[in-house]
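Reading through the structure tokens given below for one structure.
The values are calculated or read from the model by the stated rules, or taken from the named source; none is laboratory data. In this text, all values refer to a predicted model and were calculated from it rather than measured experimentally. FYI the Cβ positions are ideal-geometry reconstructions off the backbone, even for glycines, and counts take in every protein chain you see. Just so you know, the surface numbers come from the protein's heavy atoms only, side chains and all, with ligands and any DNA or RNA stripped out. Shrake-Rupley method; radii C 1.70, N 1.55, O 1.52, S 1.80 Å.
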Amino acid sequence: MNTKTSLLVLALFSCLSAPMTLVAASLEEKYFETRDNFIRQFSTPSSPEANSDERALSKLEKALSKLEKQLQMIIGPVDVVHFPKRGKINLETLDQDDGGFGQVDGLRFDSEHELLFITTTSLLNSYLQQHKELPTELGKLAKAEEFYSLVFYWNEAVTHFAEVPVRTTNDKSFAYAFLGLWAQEIGPFPPKNLFVFFANGDRVFVVSTEVQSNIDQIAECKDVWDGFKKKSDAASAAYQASELKDQKATDDTVRYEDEGFRAYCRCFEQRVKMEPCFKQLTKQAQTVVDSLQKQLPR
């Protein structure tokens, strides 16, 4: 074998033995390039004819479809019990002026009463670099309430009530679960949602599901809320009596409600762990983690 042939064989061997992570990285770079080009297109004003509702929607659907196919290649095969095997793109829009712009890049899998989101560490890290308000450490990100809204429902808020203990089968995986609530307003509402954050290799999974056990109102916590609500109502009455001129009174109205809701959540966190339902909740959370642990890294 001459020198030229040897070099050719060596080059071919190097290409064939390149890590799959390099292939995935190139796919992700292509996705970012395509996505950002679409964002520039949809965020640039166009003529009224080109910007008709029907035509704009058709263009958006085609763009999202192209990005969805790229994400399916990046994220790889998925087979999580209770969820479809083929996910949909998590992005709702590519126009920076639209509500819902800026959701986390990845695939969304919808099932009855359950939601699954999957992304890669590279996609997630890139997103976090652009959203400095979110923590970059997985342990802190898993507890960040606003992160779950950016994953699933941009127009609803998640409230973290209590951590639910879960375990992984190896130290290379990370899992965190908590009892929480989806809501658009605050009040003495018992939590009814379970959230699970799981990272395995180079993929990240997020699940939102309804709690299977019955979580009743806790009287002591309701009393805590009622105490703050009385203060809020008194401040609101003072504001009305001032003919809507007392700014401090209206500020106090909001402040007492916010403080009351946080106090209600803290009370629930302490008390719910002593309730019979928490054992069943812990079992449900571990079942979710176990199903996610069966998903092999890419």
Practice item. Spot the failing condition for Asp110; the list is (1) among the acidic types (Asp, Glu); (2) in contact with a Pro (Cβ under 8 Å, 6 or more places away or on another chain); (3) closer than 17 Å to Ala63 by Cβ, and only one is missed. Key: (3)
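Select from region 20-63 the residues that are within 18 Å of Leu123 (Cα to Cα) and either at pLDDT below 60 or of a type in the set (A, V, I, L, M) (or both) and list them in ascending order. Give the derivation first.
Filtering region 20-63 down to residues within 18 Å of Leu123 (Cα to Cα) leaves 20-39.
Selection gives Met20, Thr21, Leu22, Val23, Ala24, Ala25, Leu27, Ile39.
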Check your understanding: Which one of these is of a type in the set (D, E, K, R), crowded, with 18+ Cβ neighbours inside 10 Å and assigned to a loop (DSSP other than H, G, I, E, B): Asp105, Asp79?
Key -> Asp105
Review point. Wholly within region 111-182, which helices (runs of 4 or more DSSP H) include no fewer than the required count, namely at least 1 residues that are more than 16 Å from Phe198 (Cβ to Cβ) and modelled with pLDDT of 95 or more?
Key: 121-130, 145-151
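Suppose we keep only residues that are among the hydroxyl-bearing types (Ser, Thr, Tyr) and touching a residue at least 40 places away in the same chain (Cβ under 8 Å) within region 247-298. Which one would you say is nearest to Asn200 (Cα to Cα)? If you could, list the steps in order and put the result at the bottom.
Here is the first cut: in region 247-298, the residues among the hydroxyl-bearing types (Ser, Thr, Tyr) are 250, 253, 256, 264, 282, 287, 291.
If we keep only those that are touching a residue at least 40 places away in the same chain (Cβ under 8 Å) as well, we get 264, 282, 291.
Working: Tyr264: 34, Thr282: 20, Ser291: 12 Å.
By that ranking, first place goes to Ser291.
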**Study point:** region 183-204: number of residues that are modelled with pLDDT under 95, part of a strand (DSSP E or B) and of a type in the set (A, V, I, L, M)
**Key:** 1
Check your understanding: If Thr253 passes every condition in (1) crowded, with 18+ Cβ neighbours inside 10 Å; (2) more than 15 Å from Ala162 (Cα to Cα); (3) under 23 Å from the mean Cα position of the chain (by Cα); (4) not basic (Lys, Arg) but one, which one does it miss?
Key -> (3)
Check your understanding: Quick check: anything in region 234-246 outside any loop (DSSP other than H, G, I, E, B), open to solvent by less than 80 Å² (accessible area, probe 1.4 Å) and out of contact with any helix residue (DSSP H, G or I) (no Cβ under 6 Å at 6 or more places or on another chain)?
Key -> yes
